[in-house]
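So the structure is just underneath, and the comments pick up after that.
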């Protein structure tokens, strides 16, 4: 009987320690992800943007890919367009303006 109680206490102690560590990790992650959450929030937005590669107008929420270049987020209708953009972004930024 005493060994059962001791096991239960040990399991409870381990569980409490593990949960506390997970909360600390979650807090640390949430602080480090503030900038990426801004991008995620903008994806939910239905603002119309232009894919700089092909010129297609689309909603941010419908974009299939995105990239950040010089602090600006660019949205693309296809991942291939993002990849081509990242190879020579200045070419497509000039085209966009």
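The values are calculated or read from the model by the stated rules, or taken from the named source; none is laboratory data. Just so you know, these numbers come straight off a predicted model, no measurement behind them. In this analysis, Cβ positions are derived from the backbone assuming ideal geometry, glycine residues included, and neighbour counts consider all displayed protein chains.
Among the residues of the stretch 61-82, those identified as assigned to a helix (DSSP H, G or I) and surrounded by fewer than 17 Cβ atoms within 10 Å (Cβ to Cβ) are 61, 62, 79, 80.
Could you tell me whether residue 42 is surrounded by 12 or more Cβ atoms within 10 Å (Cβ to Cβ), in contact with a helix residue (DSSP H, G or I) (Cβ under 8 Å, 6 or more places away or on another chain) and modelled with pLDDT under 70?
Judged against the criteria, residue 42 is a match.
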